[in-house]
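Step one of this worksheet: look at the structure below.
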Amino acid sequence: MATNTNSRTIGTVNQAVKSNSKPKNKEKNPDHGKIIALLIDLGLLSKTQVQYASRVQSELRTGKPLLEIIKELKYLTEGQLRNALRENPLSIHIGDFLVELGLITNRDLGLVLQLQKKETPMRKLGELLVAHNLIEERKLIAELSLLLGFPFIEPDFPKIDPNLLKRGSITQYQAHSFFPVRL
């Protein structure tokens, strides 16, 4: 019976995709977010591809992020997305960035922002997301490094050259929360 349901869902998506009907959103240029706007500006996506993916998204009704659908349609690879973001840092709120990437939902973001307002002293958004198990700390750090344009490096401590540590003072490293891993 699951096959029938899947067939109907696929049939509905295919029917929506093949039809020439306009997307349900009546705006001429719907706001799909800063990341998708960047990808269009860079020529990695066309507006037609985004409109098509948006129609598929509206038919699926699963809440799947538009970027995920675009990747599933093979319009964009994960590597292309990461390179574009690394080379073109965006000015975007962290929460919006994580929602656009599909790492958290709008609902999760809203709940955490409400919690954040109630706390004294107010904790950072990332701290609350991790504390409430909405995202893993490593994943958050990796995505923040992408947003900020810094490489995410997990040092392999046994392979770090001890002479590298001698080039600076431990006090300096501690004061700046810094640890040299390579030249």
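What to note about this one:
- Cα gyration tensor shape of the stretch 40-183, rounded if a/c is under 1.5, else prolate or oblate by comparing a/b with b/c: oblate
- Phi to ³J(HN,Hα) by Karplus 6.51 cos²θ - 1.76 cosθ + 1.60 over the stretch 125-132, Hz, x for Gly, Pro: 4, x, 4, 5, 4, 6, 4, 9
- For the stretch 57-118, the alpha-carbon radius of gyration amounts to 1.29 times the rule-of-thumb value 2.2 N^0.38 Å expected for a compact globular protein.
- Highest-first arrangement of 144-153, 169-178, where packing means the average Cβ count within 10 Å: 144-153, 169-178
- Given R0 = 22 Å, the distance between the Cβ atoms of ILE153 and HIS132 translates into a calculated FRET efficiency of 0.20.
- Most tightly packed first, judged by the mean number of other beta-carbon atoms within 10 Å of their residues, the peptides 38-45, 75-82 read 38-45, 75-82.
- When peptides 93-99, 63-69 are sorted by average Cβ neighbour count within 10 Å, with the highest value leading, the order is 93-99, 63-69.
No value in this document is a laboratory result; all are computed from the given coordinates. Everything numeric here is computed off the predicted structure, so don't read it as measured data. So basically every Cβ, Gly included, is an ideal-geometry build from the backbone, and we count neighbours across all protein chains shown.
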